[in-house]
Amino acid sequence: MDDLSEWLAAAYPGAYRTARLILRDPLEAEDAVQDAFLRAWRFRDSAPKDAGWQPWLYRVVVNACCSRLRHDAPRRDRRANLDGDYVDDAPGPDAKAVRADEASAVVAALAALPESLRIPVVLRYYAGLPEKDVAVAIGRRPGTVKSRLYEARQRLAADPRLRALVTDEEAAR
Amino acid sequence: MIDEAVLERLLRDEAATYEPPAHGPDAVLAAAAGQGGGRRDRGPWLAVAAVAVLVVGGIAVAGATGGRSLPAPTAGGANSETAYDDAGAQRDRPGGNAGGGAAAPVPPADASIVRTGGTWLVVPDAKVSDTLRAAARVAGQHGGFVAESQAQTAGDHPSGTVTLKVPVAAYDRAVEDVGRLGDVQQSETQSEDVSTQVTDTAARLKSLAATRDQLRTLLARARDVGDVLAVQERMTDVQTQIEQLQAKQEALKERTTYGTLAVTVSGPGGAQPSDGFRGAWDDAVDGFVGGFEALVAASGTVLFLLIVGLVLLVAGRRAYRYWVRGVV
């Protein structure tokens with residue numbers, strides 16, 4: 001991974017979408033990913049070789065997102081609320097629209113989670129990292145990742161926007 | 001509980017609708033070159049080269065590089081070399097000062113530099129207030145102003161701080177003038193080159209404005225209510241992004257117009273007032289180290305008592321056995 005352009009071609013889209021799911025804002029996501037790649041590139045000598053570089057890069061991306069989240073939390077909260085209102089619209093008539101509505105409802109519900117839960121969810125279920133790699137990316141132990149994912153799924157299930165998605169045995173209770 | 005597979009599917013569906021910006025990787029390449037091949041020495045020269053690449057890369061930034069001379073980029077990596085061929089071509093233009101040797105590069109006149117710094121002056125106790133006033137006057141002499149000032153002139157250790165906003169072009173002269181007002185204990189200044197950010201923001205604004213115009217045309221043609229709503233929604237999104245970028249541009253303009261210089265003045269006996277974060281951090285470190293030391297010190301006593309107790313116990317048992325045997 002010595003060639004930055006090759007690296008970008010391979011990892012940019014995934015990193016951008018991950019950042020976008022965490023931050024929601026396209027410009028912020030773009031800036032965060034740019035910061036992350038620059039940082040990763042600057043410290044490429046200390047990047048783990050082979051399979052280890054991917055969780056390492058995600059860690060850099062997550063850190064870049066977190067620093068943006070901390071810098072302008074107030075504005076983001078306002079935006080998240082606005083987006084939340086929008087999601088309450090009635091679902092569209094065809095199956096594709098319903099599915100798209102479900103997807104945006106998940107994202108809106110995800111935005112309501114604290115970042116300590118939201119980030120593991122995005123890394124595990126969107127980026128598809130195994131739990132041990134998520135642990136590397138967020139700098140926590142695998143056990144912590146497991147419990148956070150569990151808590152996040154529970155909280156998502158309790159979100160009214162996602163009622164339709166809750167599995168039957170839970171809904172029956 | 002939300003099913004993991006459902007969550008996975010929906011997140012991927014949603015993420016698939018997020019189109020990564022086409023210019024994103026180019027912007028990273030340009031900025032990486034701006035850091036000097038990925039190392040820390042980010043020079044204004046290379047930011048200029050980065051601007052050239054942005055232009056070549058298809059993002060039109062009108063007039064951004066007009067009349068600038070470009071030095072040889074020292075970007076490492078084969079890809080960077082090829083990416084900079086065009087910058088190299090501009091470098092060879094007559095009038096360029098390429099290959100300036102070991103001389104420190106002078107930032108181009110239109111580079112966007114953010115200047116920040118602080119000076120700590122020590123003067124006789126009686127002169128603290130006068131020096132603070134003199135420091136405030138320095139801002140005015142260079143076309144700047146005082147952003148903030150606070151002073152404690154009563155008591156044994158008078159001290160105060162004035163935060164000056166000075167036009168960037170006059171910043172170094174202002175620092176020198178302030179330095180003449182007393183005995184400089186500490187002085188630091190930082191420069192941050194935000195040229196890439198400035199041109200990046202301008203380029204993005206331009207492309208978003210173009211998108212908005214296209215959307216307007218689309219809106220005029222839309223017949224179906226669904227289409228109208230979809231276009232309007234997209235336009236709102238674009239408009240929000242434009243407004244955010246304009247705010248960012250304004251903030252950058254403000255930061256690159258005026259440099260910030262914090263002047264702290266104290267009497268000979270006063271300690272340097274630590275700034276907010278550093279102070280808090282130092283306190284935290286001190287507290288931790290202090291607590292740890294106390295723990296180590298306490299553990300020494302505990303260990304000593306344990307050893308003494310153990311020795312007494314062993315000695316006591318032996319003495320008891322001896323005594324018992326002696327009795328029997």
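The values are calculated or read from the model by the stated rules, or taken from the named source; none is laboratory data. The model shown is predicted, which means the values in this text are computed figures rather than measured ones. All Cβ positions, glycine included, derive from the backbone under ideal geometry; neighbour counts span all protein chains shown.
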Give the residues of region B:143-163 that are of a type outside the set (Gly, Ala, Ser), without any contact (Cβ under 8 Å) to a residue 60 or more places away in the chain and not in a strand (DSSP E or B), sorted by residue number.
B:153
Working only within region A:41-60, note down all residues that are part of a helix (DSSP H, G or I) and farther than 26 Å from residue B:8 by Cβ.
A:41, A:42, A:44, A:45, A:46
Region A:121-134, subset in a helix (DSSP H, G or I) and surrounded by 21 or more Cβ atoms within 10 Å (Cβ to Cβ), residue nearest to the chain's Cα centre (by Cα)
A:122
Only listed residue being assigned to a helix (DSSP H, G or I) and modelled with pLDDT under 85, chosen from A:2, A:31, A:85, A:35
A:85
I'd like the residue in region A:48-79 that is among the aliphatic types (A, V, I, L, M) and surrounded by 16 or more Cβ atoms within 10 Å (Cβ to Cβ) and, out of all such residues, is modelled with the lowest pLDDT.
A:69
Filter result for residue B:204 (among the charged types (D, E, K, R), closer than 30 Å to residue B:233 by Cα and at pLDDT 85 or above)
yes
Tell me whether region B:246-262 contains one or more residues that are outside any helix (DSSP H, G or I), under 28 Å from the mean Cα position of the chain (by Cα) and over 17 Å from residue B:194 (Cβ atoms).
yes
Six or more apart or on different chains, Cβ atoms under 7 Å: show the pairs whose first residue is in region B:25-42 and charged (D, E, K, R) and whose second is at pLDDT 65 or above and not in a helix (DSSP H, G or I).
B:42/B:193
From A:157, A:137, grab the single residue that is among the small types (Gly, Ala, Ser), more than 11 Å from chain B (Cβ to nearest Cβ), in a helix (DSSP H, G or I) and over 17 Å from residue A:24 (Cβ atoms).
A:137
Can you pull out the residues in region B:215-242 that are acidic (Asp, Glu) and closer than 17 Å to residue A:26 by Cβ?
B:233, B:237
Say whether the condition of being assigned to a helix (DSSP H, G or I), touching a Phe, Trp or Tyr at 6+ places or on another chain (Cβ under 8 Å) and closer than 20 Å to residue A:104 by Cβ is met by at least one residue in region A:5-16.
yes
Filtering region A:119-134 for residues that are of a type outside the set (Gly, Ala, Ser), within 16 Å of residue A:20 (Cβ to Cβ) and within 11 Å of chain B (Cβ to nearest Cβ) leaves a count of 5
In region B:1-23, which residue that is touching a helix residue (DSSP H, G or I) at 6+ places or on another chain (Cβ under 7 Å) and either modelled with pLDDT under 85 or not in a helix (DSSP H, G or I) (or both) is surrounded by the fewest Cβ atoms within 10 Å (Cβ to Cβ)?
B:1
Output for region A:3-50, where each listed residue is more than 7 Å from every other protein chain (Cβ to nearest Cβ) and of a type in the set (Asp, Glu)
A:6, A:25, A:28, A:31, A:35, A:45, A:50
Report yes if some residue within region A:11-23 is surrounded by 23 or more Cβ atoms within 10 Å (Cβ to Cβ), over 13 Å from the mean Cα position of the chain (by Cα) and within 25 Å of residue B:247 (Cβ to Cβ); otherwise report no.
no
